[in-house]
Amino acid sequence: MNPDFKKRQLSFLLQIISISVLLFAIHQYILYYFASSVVLFFPLWHIYTFHILVAIVIYTIINYRYSNGKTEIFTLFMGITLIKMILAIVFLLPLLLSDFVKKQPDVFNFFIPYFIYLFLEVFYVTKFLQKK
């Protein structure tokens with residue numbers, strides 16, 4: 001393995017886990033104090049686990065390709081982002097197909113972190129593109 005790959009990967013893992021713990025704590029706090037009466041379909045930790053795993057997989061694939069000399073990672077990132085959108089729909093499918101009455105809070109609980117993690121992914125991929 002390329003030492004730069006390992007260094008970038010470890011740095012990303014530490015940063016994404018730190019950011020995720022902070023985001024989860026803030027999100028849990030907001031739900032506890034402002035929406036404690038709302039019954040949710042998905043536990044919050046399921047949503048964050050999904051986002052963390054997808055972000056790590058995306059970064060790992062791009063980091064691996066970049067470490068092997070493939071500098072054309074933008075199209076790869078766009079393709080993986082499309083797959084991420086499909087996975088998000090698959091993740092939400094049980095909620096959307098259920099008889100659950102209030103679906104909107106769950107959809108918001110999913111898509112607010114979704115866009116935050118998408119921003120983080122774009123931020124980290126931009127670092128690769130700037131190194132040219």
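Bear in mind these aren't lab numbers, they're just calculated from the coordinates by the rules spelled out. Fair warning: this is a prediction, and the values are worked out from it, not measured in the lab. Cβ sites come from the backbone with ideal geometry, for glycine too, and all protein chains shown count toward neighbours.
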Spacing of the two label points (7 Å from each Cα toward its C-beta) at T126 and A25, in nm: 2.6
Of the DSSP H helices in the chain, those whose Cα atoms cover at least 20 Å axially and whose Kyte score averages 1.6 or more: 74-97
Cα-based Lys proximity count in the chain, under 20 Å, for pairs eight or more positions apart or on separate chains: 11
Segment 1-108: trypsin sites (Lys or Arg not before Pro) falling in loop per DSSP and having at most 15 other Cβ within 10 Å: K70, K102, K103
